[in-house]
Amino acid sequence: MGWSKEWEDTYRTGSHLSIWPWSDMVSYVMRYCRPFPPGFKVLELGCGAGANIPFFLKMNIDYYAIEGSATIVERLIDTYPSLESKIAVGDFTKEIPFEEQFDLVIDRASLTTNRTKDITASIDILKTKMKANAKFIGIDWYSTDHSEFQKGEQAEDFYTRAGYKTGEFADIGRVHFSDKEHLLQLFSSFEIVLMEQKLIKKEVPADEKVSATWNFVAELKETNEKGVSV
Ligand SMILES: C[S@@+](CC[C@H](N)C(=O)[O-])C[C@H]1O[C@@H](n2cnc3c(N)ncnc32)[C@H](O)[C@@H]1O
């Protein structure tokens with residue numbers, strides 16, 4: 001389970017190639033993580049086509065990422081040869097193949113393509129890779145208030161849907177949706193600094209769709225050397 005190969009096909013066919021930093025990611029990092037002392041390390045889960053990379057490089061932040069698609073990682077290394085040892089091909093629900101301890105972990109709509117059990121496993125691994133009081137920033141985590149939630153077929157658990165043939169989730173495999181309680185449960189060993197739900201409804205031209213997503217900042221409580229909260 002974990003990473004789904006639909007993403008490999010998606011990148012091979014040239015879709016979902018976002019290359020400009022996501023504005024909410026920039027705003028949240030600038031608002032909630034400054035200052036960035038020398039050696040400040042960030043780990044991105046599922047960097048995709050690398051939209052957020054130019055922002056972190058510009059800020060002189062030591063950037064690492066783990067991404068399931070070998071095709072897109074190869075492209076990224078061509079573009080950013082200096083990141084060759086820092087962008088790993090792998091499944092972040094199974095391992096994070098870096099020795100480093102991170103000040104910040106970011107995820108924009110990546111853990112959200114996994115089922116609950118695997119998201120929980122990934123967060124447990126992350127806790128062993130984050131410094132005490134490190135932050136996790138989640139951007140565009142789909143909400144159960146999103147109009148697409150009811151349209152998908154339930155997959156392995158209530159919050160995980162699949163089988164989309166049309167719309168923004170077509171042909172990408174699993175999509176994970178959260179309500180507030182679910183997010184609090186997933187991040188129960190973190191302190192939630194901020195959690196915002198963003199609702200977007202297009203009025204002109206009128207559209208039935210409601211896009212509902214969560215943005216949040218969670219801070220890791222003190223942990224012991226095994227990553228267990230103390
Ligand atoms: C919706 S895309 C988001 C890409 C990027 N974060 C962005 O915002 O532009 C989700 C990405 O997460 C990756 N991904 C999803 N689950 C993964 C897993 N378990 N391990 C590694 N990569 C994963 C996919 O391959 C895909 O590139």
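The values are calculated or read from the model by the stated rules, or taken from the named source; none is laboratory data. These figures come from a predicted structure and were not determined experimentally. So basically every Cβ, Gly included, is an ideal-geometry build from the backbone, and we count neighbours across all protein chains shown. These area figures cover heavy atoms from the full protein model, side chains too; ligands, DNA and RNA do not enter into them. Shrake-Rupley method; radii C 1.70, N 1.55, O 1.52, S 1.80 Å.
Below, the figures for the structure above:
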| read-out | value |
| --- | --- |
| D (Stokes-Einstein, µm²/s), Kirkwood Cα radius, the range 1-66, 0.890 mPa s at 25 °C | 185 |
| Sorted largest first, extent of the range 83-145 alpha carbons per principal axis (Å) | 38, 26, 22 |
| Summed side-chain charge close to R31 - residues other than R31 whose Cβ falls under 12 Å, Lys, Arg +1, Asp, Glu -1 | 0 |
| Alpha carbon convex hull of the chain, volume per residue in cubic angstrom | 126 |
| Spacing of the two label points (7 Å from each Cα toward its C-beta) at K202 and E6, in nm | 2.1 |
| Solvent-accessible surface (1.4 angstrom probe) belonging to S23, in square angstrom, nearest 10 | 80 |
| Backbone HN-Hα couplings from phi across the range 154-165 [Karplus 6.51/-1.76/1.60, Hz, Gly and Pro as x] | 5, 9, 6, 8, 3, 7, 9, 10, 7, x, 6, 10 |
| Cα pair distances in the range 3-120, grouped into 10 Å bins until the bin that holds the longest one, percent each | 13, 48, 34, 5 |
| Rounded accessible area of E219 (nearest 10 Å², 1.4 Å probe) | 50 |
| For q = 0.13, 0.29 Å⁻¹, Debye-computed log10 I/I(0) when each Cα of the range 28-94 counts as one equal scatterer | -0.35, -1.35 |
| Sequence-distant lysines (8 or more away, or on other chains) whose Cα lies within less than 27 Å of K5 | K86, K94, K117, K127, K129, K151, K165 |
| Residues A88 and S27, FRET efficiency given R0 of 30 Å [Cβ-Cβ distance, rounded to 0.05] | 0.65 |
| Share antiparallel - DSSP beta bridges, the chain, percent rounded to 5 | 55 |
